[in-house]
Amino acid sequence: MIGPRVLSRWVGRGAPAGRLRLVPADRAQREAACAIVAASPAAHVHAGAHLALPPDPDRETWALLDGTRLAGIVIRWRGTAWALEDGYAGDPRVPAALARLVAEAAWPQEVLFGEEALVEQVAKSCEPYGAHLVEIRRQQMMLCREPVPPVVRPLDAAFRIRRAEPGELDWLMATHAAMCREDLGVDQVARNADGYQRYFAELVRTGRAFVGELDGERVAKAEVPSVSAECWLIEGVYTAPARRGLGLATRLMVELDRAARAEGRIPCLYVHRRNQRAAGIYLRCGYQIVCNWATAVVGRDRRGSRRPAEW
């Protein structure tokens with residue numbers, strides 16, 4: 001964790017007019033940032049999810065200030081995300097203000113979540129501090145403001161959707177690994193088995209992991225890892241290849257939509273731009289594209305002169 005004095009020295013407490021600065025966020029700044037999130041709830045869902053939780057010493061929350069004006073909020077917890085006041089997303093001062101914070105976290109790696117253009121600019125601004133873009137997934141953020149009742153074919157077998165149980169962690173991890181190999185060409189679970197074990201255990205404990213069963217056989221899954229005041233962020237939607245074409249993913253999305261709105265929230269998600277099959281399902285369910293999105297890894301290991309991996 002970066003101490004306030006160190007970060008203030010980096011980005012300039014008492015800096016010349018015009019420079020943005022980062023300071024540990026106080027309660028008033030956190031509350032003010034909620035309005036920034038609400039103005040663009042899908043694009044700011046990661047920051048919004050953390051603002052909806054009680055303050056936690058393991059979760060760093062920084063206010064991005066332009067003079068005395070709150071320009072945005074930055075959250076560091078299992079990655080770095082931010083929510084910016086309207087007009088600051090294209091401000092060239094923002095990547096520079098965030099770069100040292102991100103570069104310090106990139107030991108050995110840090111994950112960034114956000115709109116693609118700004119994620120790339122932040123990663124590039126980290127290079128003078130010894131960190132660089134290691135890999136990037138180019139996605140689209142989608143939001144379902146109003147659900148559209150989709151047409152699905154009748155099933156000859158019973159299909160139900162339920163919350164995952166603690167004894168299903170191995171199945172969830174194996175299924176997620178299969179999804180990663182198919183969508184990304186790499187088994188992300190194998191690269192961080194302990195992390196994924198904790199991730200799924202927490203989702204199961206909080207009732208945010210979902211399983212679809214066809215005649216008692218587990219054939220589909222999805223997770224809701226982040227919940228803000230406005231949104232559910234849905235991830236990991238997957239149907240076993242042998243059971244595709246039956247409308248199971250569509251039924252799963254309808255159930256997740258119902259559950260989100262029962263809590264007074266609307267669902268959002270991001271999908272890889274190459275995954276047109278999945279995007280088509282979401283569009284038929286009423287989702288709309290909000291922005292180009294990126295999940296990126298910034299790290300210290302350049303691995304020679306190789307270009308950043310694109311999954």
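A short reminder: the numbers here are calculations on the coordinates, not readings from a lab. Being a predicted model, the structure only gives us computed values, none of them experimental. So basically every Cβ, Gly included, is an ideal-geometry build from the backbone, and we count neighbours across all protein chains shown.
Projected onto planes of every orientation and averaged, the convex hull of the alpha-carbon atoms in the chain covers 16.1 nm².
The stretch between residue 109 and residue 186, if pulled fully straight at 0.36 nm per residue, gains 26.0 nm over its current Cα-Cα span.
Within the set of other residues whose C-beta is less than 10 Å from the C-beta of residue 80, count the net charge using Lys and Arg as +1 and Asp and Glu as -1. So the environment of residue 80 carries a net charge of 0. The charge dipole of region 74-206, taken about its Cα centre with unit charges on the Cβ of Lys, Arg, Asp and Glu (plus for the first two, minus for the last two), comes to roughly 260 debye. Computed over region 108-209, relative contact order equals 20 percent, with contacts defined as Cα pairs under 8 Å that lie 6+ residues apart. How high is the relative contact order of region 159-286, in percent, with contacts defined as C-alpha pairs under 8 Å that are six or more residues apart? After rounding, I find 21 percent. Think of each Lys and Arg Cβ as +1 and each Asp and Glu Cβ as -1; about the Cα centre, that makes the dipole of region 159-286 roughly 400 debye. If you plug the beta carbon distance of residue 309 and residue 53 into 1/(1 + (r/R0)^6) with R0 = 25 Å, you get a FRET efficiency near 0.20. Taking the charge dipole of the chain about its Cα centre, with +1 at Lys and Arg Cβ atoms and -1 at Asp and Glu Cβ atoms, the residue from 164, 287, 126 reaching farthest to the positive side is 126.
For the residues 47, 296, 279, a GNM of the chain with alpha-carbon springs under 10 Å puts the largest fluctuation on 279.
Backbone amide hydrogens, once placed in the peptide plane, bring residue 288 within less than 5 Å of 143, 144, 145, excluding anything fewer than 5 places away on its chain.
Footprinting exposure proxy ranking of 142, 173, fewest other C-beta atoms within 10 angstrom first, gives 173, 142. Compared with the alpha-carbon gap, the fully stretched path from residue 274 to residue 39 is longer by 81.8 nm at 0.36 nm per residue.
The modelled label-to-label distance between residue 244 and residue 283, using points 7 Å beyond Cα along the C-beta direction, is 1.7 nm. Legend: ranking of residues 179, 141 from fewest to most surrounding C-beta atoms inside 10 Å; resulting order 179, 141.
Along its three principal directions, the equivalent ellipsoid of region 155-311 from the Cα gyration tensor extends over semi-axes of 26, 19, 17 Å, largest first. Among residues other than residue 116 with Cβ under 15 Å from its Cβ, the summed charge is +1 (Lys and Arg +1, Asp and Glu -1). The fewest-to-most ranking of 107, 62, 171, 82 by surrounding Cβ atoms within 10 Å reads 107, 171, 62, 82.
Note on residue 262 and residue 162: their simple-model spin labels are 1.5 nm apart, each label 7 Å out from Cα toward Cβ.
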